[in-house]
1. May I ask for the net charge around residue 148, where only other residues with Cβ less than 11 Å from the Cβ of residue 148 are counted and Lys, Arg are +1 while Asp, Glu are -1?
2. For a quick protection proxy, order the peptides 19-25, 148-154, 57-63 by their average other-Cβ count within 10 Å, most packed first.
3. Summing -39500 (n - 2.57) over the DSSP H runs of n ≥ 4 in the chain and dividing by its residue number, what mean residue ellipticity at 222 nm do you reach, to the nearest 500 deg cm²/dmol?
4. Normalised by the residues of segment 4-218, what does the relative contact order come to in percent, with Cα pairs under 8 Å and at least six apart?
5. About its Cα centre, what dipole magnitude does the chain give when the only charges are +1 on Lys and Arg Cβ and -1 on Asp and Glu Cβ, stated in debye to the nearest 20?
6. Report the one residue of 33, 97, 188 whose Cα lies farthest in the direction of the positive end of the charge dipole of segment 4-218 (charges on C-beta: Lys and Arg +1, Asp and Glu -1; origin at the Cα centre).
7. Apply the Karplus parameterisation 6.51 cos²θ - 1.76 cosθ + 1.60, with θ equal to phi minus 60°, to every residue of segment 210-218 and state each ³J(HN,Hα) to the nearest whole Hz, in sequence, with x for glycine and proline.
8. Over segment 4-218, what percent of the accessible surface lies on carbon and sulfur atoms, probe 1.4 Å?
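The values are calculated or read from the model by the stated rules, or taken from the named source; none is laboratory data. Model, not experiment: these values are computed from the prediction. Virtual Cβ from ideal backbone geometry, glycine too; neighbours counted across all protein chains shown. Only protein heavy atoms, including side chains, enter the accessible area calculation; ligands, DNA and RNA are left aside. Shrake-Rupley method; radii C 1.70, N 1.55, O 1.52, S 1.80 Å.
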Amino acid sequence: MSLLVKICGLSTRETLDVALEGGADMVGFVFFPPSPRHISLGVARDLGSRAKGRAVKVALTVDADDATFENIIETLRPDMLQLHGKETVARLRDIKQKFGLPLMKALPVETASDLAGLPGYASVADRILFDARAPKDATRPGGLGAPFDWHVLENLDLDLPYMVSGGLHADNVAEAIRVTRAGGVDVSSGIESSPGVKDPEMIRAFIRAARATQELMAR
Ligand SMILES: O=C(O)c1ccccc1N[C@@H]1O[C@H](COP(=O)(O)O)[C@@H](O)[C@H]1O
């Protein structure tokens, strides 16, 4: 199966177009007010219609309530919900039953013990995203540009599709794919010139680097 590349934290038409034209499989939109990548519902409606049918639209939320999901779904029309907070397995079941969209659960990783909750989440999520665990005093649970020790996933045996994120950029994505054998990669900070400001050339370089790794590994 081919590697999935997700470009996350898009907030302008220009950078969304760069990601789509560069061949991103998934485009992510952040709905979390403390984030420098947070977008309003008006922007979500505009970018959502622009991306429709060109890539999988992913709505990133953090412990969102039902009303927030309803607003996001009505405006962005996402194909998938990314749950990046402390949502429980029961809450995932509830979200799936209420909104009927595929779920990608982000799991914070620092050490092997962080994988203990994986079987529960894998029983309801459609995809797992392994992301670096944020420091306790961080203002957001992701999007901090810091990697985790990818070797924690080295012997992972998971039937569900999974992706890796956290501090990825064009120069380290090949190694991340090699070590984790992930079916997809997700990036935000590593394609920015400053927090929240996406850089077109960095987006293109990241997608190129990920695709080149995919080709090398297929040989
Ligand atoms: O991007 C954010 O601001 C954000 C806020 C809250 C939760 C997650 C967030 N970002 C996601 O975190 C990972 C790793 O990002 P990075 O490449 O290290 O910046 C990725 O999925 C982002 O979309």
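1. Here the charged neighbours net out to -3.
2. By packing density, highest mean first, the sequence is 57-63, 19-25, 148-154.
3. My calculation for the chain gives -10000 deg cm²/dmol from helical runs alone.
4. Computed value for segment 4-218: 18 percent relative contact order.
5. The dipole magnitude comes to about 420 debye.
6. Looking along the dipole axis, the top candidate is 97.
7. Values, residue by residue: 5, 5, 5, 5, 4, 5, 4, 6, 6 Hz.
8. Ligands and nucleic acids excluded, carbon and sulfur reach 53 percent.
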